[in-house]
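Please read the structure below before turning to the comments.
Please treat every number below as a calculation from the coordinates, not as lab data. Note that the coordinates shown come from a computational prediction; the quantities given were computed from them, not determined experimentally. So basically every Cβ, Gly included, is an ideal-geometry build from the backbone, and we count neighbours across all protein chains shown.
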Amino acid sequence: MKIGLVRHFKVAHDFPSGKYVTADFMEQWFKDYDEADILYGETQLSDVDWKACYSSDMSRAVKTAEDVYVGEVIQMKELREIPSPPLKGKVKLPFIFWAIWIRCSSFMNKQTRAEIRKAKKRINQALDEILAKGEEDTLIVSHAALMVYMRKELIRRGFAGPKFRIASNGKLYVFEKS
């Protein structure tokens, strides 16, 4: 059995460059990112006859899934991205500093750690449901942070597949269980 993980296509929402921005700006930037369209690309599906496709219910993942998969795309809220941590303060920082803080919050911020625990439960629920249906080869379209934890869970469940730190947009990562 194969599980193919695909991160949604690149989002058409540029990172602010050369700017110092506030937490409020960052909150709005994330909202705009969630609502932005995608830049369609190509995904090589490795000539596998994918029997089913599941997708996060966020528009960027649904649009990607509908573009790469011919057939019904089953949307699951359990495959949604992990929300960004709450950002507070009036201090202005370069965008990259906010990005670093967000990355570090998975270690330092209690609310972010709670969101990660919830995401892991969602991943388990989604995989339990998907695997219970017994389809042979299944495609899952989701998001970068969630895919890191999904990969770990697939490995824990006896699948073998590639390593990645941050999944590339539109790239297929195949996990196989013999």
Quick query: amide H of residue 75 versus all other amide H atoms, modeled in the peptide plane; which residues come in under 5 Å with a sequence gap of 5 or more or a different chain?
55
Among 140, 109, 23, whose Cα projects farthest towards the positive end of the dipole of the chain, with charges put on the beta-carbon of Lys, Arg (+1) and Asp, Glu (-1)?
109
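Only bridges whose two residues both fall in the chain count here: according to DSSP, what percent of them are antiparallel, nearest 5? Walk me through the numbers on the way to the answer.
Numbers: 9 of 23 bridges.
Antiparallel: roughly 40 percent of the beta bridges in the chain.
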At 222 nm, what value in deg cm²/dmol follows for the chain if DSSP H runs of at least 4 each add -39500 (n - 2.57) and the sum is divided by all its residues, to the nearest 500?
-13500 deg cm²/dmol
Mind grabbing the base-10 log of I(q)/I(0) for region 22-125 at q = 0.25 Å⁻¹? Debye formula, identical points on the C-alpha positions, no solvent, two decimal places.
-1.30
Given H placed on each backbone N at 1.01 Å, which residues far from residue 170 in sequence or on other chains put an amide H within less than 5 Å of it?
7, 8, 9
Taking amide H positions as placed 1.01 Å from N in the peptide plane, with prolines and chain starts having none, which residues 5 or more places from residue 21, or on another chain, fall under 5 Å of its amide H?
93, 95
Which ordering of 1, 147, 108 is given by a fewest-first count of other beta-carbon atoms within 10 Å?
108, 1, 147
Here, the chain modelled as identical Cα point scatterers in vacuum has Debye log10 I(q)/I(0) at q = 0.12, 0.17, 0.18 Å⁻¹ of -0.58, -1.08, -1.19
Positive-pole candidate from 55, 39, 82, dipole of region 29-103, charges at beta carbon:
82
Which net charge results when you count Lys and Arg as +1 and Asp and Glu as -1 among the other residues whose beta-carbon is under 13 Å from that of residue 60?
-4
Under the Karplus relation 6.51 cos²θ - 1.76 cosθ + 1.60, θ = phi - 60°, what is the ordered set of whole-Hz ³J(HN,Hα) values for region 85-92, x standing for Gly and Pro?
x, x, 10, 9, x, 9, 5, 9
Residue by residue through region 158-175, the couplings from Karplus 6.51 cos²θ - 1.76 cosθ + 1.60 with θ = phi - 60°, in Hz, x for Gly and Pro, are x, 8, 10, x, x, 8, 7, 8, 10, 5, 6, 4, x, 8, 8, 10, 9, 10
Taking θ = phi - 60°, what integer Hz values does the Karplus form 6.51 cos²θ - 1.76 cosθ + 1.60 yield along region 10-21, in sequence order, with x for Gly and Pro?
4, 8, 7, 8, 5, 6, x, 10, x, 10, 9, 10
